[in-house]
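The structure under discussion appears below in the form of structure tokens.
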Amino acid sequence: MSKSPLQSQGSGAFETPSPYPLDDQAAEAPAFSDRARPLPRISIQAFCVTPQIAEVIQAASEDRRLSKAHITIQMGGAAAAVAHYQESPTPNLIILESHAPHAELIAELEELAQSCDPGTKVVIIGKANDVVLYRDLKRRGISEYLVAPVSPFDLMECLSGLYNNPDTDPVGQVFAFIGAKGGVGSSTICHNVAWTLSETLATDIVIADMDLAFGTTGLDFNQDPVQGIADALQNPERLDEVLLDRLLTTCSKHLSIFAAPVVLDRDYEMSPEGCETVIDVVRQNVPFVAVDLPHSWTPWTKRLLLQADEIVITAMPDLANLRNAKNIVDLMRSTRRNDALPHLVLNMANMQKRPEITPKEFEGALDLKTLAVIDFDCENFGQAANNGQMIEELNAKAKATQAFHDIAMALAHRKEIKPEKRSPLAPLLDKLKLLR
């Protein structure tokens, strides 16, 4: 990955208790990490010299993290920028590609500074890997200097560092759960994984139930809230930390729910922008947000799915689920090129006397590894649903309990260190060692 001559610090990451360290594999895959966070609504203008850098900026502009920013790209480098801003106001951020030597680059920037408005940030992309140049540029107020070649993710990480304060917690991660078909148990998976994450990592998480008419979050946690997510969606621009605290329902020390109203005498008109605004406010206040999406394809469902940090697709092992899951995975693969692929969970598997598509066949058709396979278990799941409990609360030894732990740790990019199994003779062997 390309770096500036003096490597800048990122926006930080949520700390996790030592029993659950960061996943080493996740750390080795920076393109899928959470170092590049979403940018606010800012205007960015780029002036490029080469088509390669223009293509990099264009690719970055199509990423979900820059979806709120307004980006324009022009050719001509510093000369074009100086001519443009003599008659136009400067944006929030200028990206300038320059291959000029040290002295000439400084002269170009001094000329550009005469037309720049106060507060405008400038990022330079150059070829010289020179610490002296870097320090000189920083002294003149340049926000960052990147050494070409750069990738779209290099650029996004750089911009994220400029607009996300490293001294504060980064915005929370959003996990979107969707079923490949109705009735496959996506909500049950979402609720159990969120509860497991809150208990295992002792970190705050909010479940946002987006199925306003038929959501089951309140039932699954034995809650009957008066207010919930519908109140926030009515006026999303009014939602702030104080109102959010009033609308959330606390289920445990670290878990709260944004419950659905579940009434049918109201019409629910939800805009993609309003839904995104509500989730953005929630993610500013907690480390993790689990979005429980209904199985309906609408503009706002698609927007939330595309904007999520991690996606979990729940499917049953049959042909219709395979087709729908493949459609979702193909869409995510083509539109989220800088993100990890969705996670696949096969639910209600190994049901007696039912013909099924095997996990291996699922993986081959989707070109995607299965994260977890949860066997059909009507006794534990039915009893937990009737009691308003999670599976681990009802029966910690249920087979699904470990699956929920595996999913939770994968989403949070953590590894669960299991205690080493000791032989029944271990105490006796320890005593013999002391006698030697």
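FYI, it's all coordinate maths here, none of it is from the lab. Keep in mind it's a predicted model, so treat the numbers as computed, not measured. In this analysis, Cβ positions are derived from the backbone assuming ideal geometry, glycine residues included, and neighbour counts consider all displayed protein chains.
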> Which angle between 0 and 90 degrees, to the nearest 10, do you get for helix 319-335 versus the longest principal axis of the chain when only C-alpha atoms count?
Replying inline: 20 degrees
>> Would you report the distance distribution of C-alpha pairs in the stretch 98-156 as whole percents per 10 angstrom bin, up to the bin with the largest distance?
In response: 21, 56, 23, 0
> DSSP loop trypsin sites (Lys or Arg not before Pro) in the stretch 310-341 with at most 15 other Cβ atoms within 10 Å of their Cβ, which ones?
Replying inline: R337
> For the stretch 145-260, taking Cα atoms only, what is the radius of gyration to one decimal and the Dmax to the nearest whole Å?
Replying inline: 17.8, 56
> Using the per-residue mean of other Cβ atoms lying within 10 Å as a proxy for protection, in what order, highest first, do the peptides 338-345, 155-162 fall?
Replying inline: 155-162, 338-345
> If you line up the long axis of helix 152-163 against the longest principal axis of the chain, both from Cα atoms, how many degrees apart are they, to the nearest 10?
Replying inline: 80 degrees
>> Which order do the peptides 186-198, 279-291 come out in when sorted by mean C-beta neighbours inside 10 angstrom, highest first?
In response: 186-198, 279-291
> How far is helix 378-387 tilted off the main Cα axis of the chain, in degrees rounded to 10, range 0 to 90?
Replying inline: 80 degrees
>> Just to check I understand the Karplus step: with θ = phi - 60° and J = 6.51 cos²θ - 1.76 cosθ + 1.60, what whole-Hz values come out for the stretch 108-115, glycine and proline as x?
In response: 4, 5, 5, 5, 5, 4, 5, 10
> What residues have an amide H closer than 5 Å to that of N347, excluding those fewer than 5 places away on the same chain, when H is modeled at 1.01 Å from N in the peptide plane?
Replying inline: A315, M316, I374
> Normalised by the residues of the chain, what does the relative contact order come to in percent, with Cα pairs under 8 Å and at least six apart?
Replying inline: 17 percent
> For the chain, what proportion of DSSP beta bridges, expressed in % and rounded to the nearest 5, is antiparallel?
Replying inline: 5 percent
> Amide H to amide H, which residues 5 or more places from I125 or on other chains are under 5 Å from it, using H placed in the peptide plane?
Replying inline: L96, E97, S98, L146
> Rounded to the nearest 500, what is the chain's calculated 222 nm mean residue ellipticity when only DSSP H runs of at least 4 contribute -39500 (n - 2.57) each, over all residues?
Replying inline: -11500 deg cm²/dmol
> Kirkwood hydrodynamic radius of the chain from all distinct Cα pairs, in Å?
Replying inline: 24.1 Å
> Quick one: of the DSSP bridges fully inside the stretch 173-411, what percent are antiparallel, nearest 5?
Replying inline: 5 percent
> Once you have the alpha carbon radius of gyration of the stretch 173-411, what is it after dividing by 2.2 N^0.38 Å, with N set to its residue count?
Replying inline: 0.96
> According to the Kirkwood expression over distinct Cα-Cα pairs, how big is the hydrodynamic radius of the stretch 38-163, in Å?
Replying inline: 14.4 Å
> Rounded, prolate or oblate: which fits the stretch 74-225, taking a ≥ b ≥ c as square roots of the Cα gyration tensor eigenvalues, rounded meaning a/c under 1.5, else prolate when a/b beats b/c?
Replying inline: prolate
>> To the nearest 20 Debye, how big is the dipole of the stretch 96-161 about its Cα centre, given +1 on the beta carbon of each Lys and Arg and -1 on that of each Asp and Glu?
In response: 220 debye
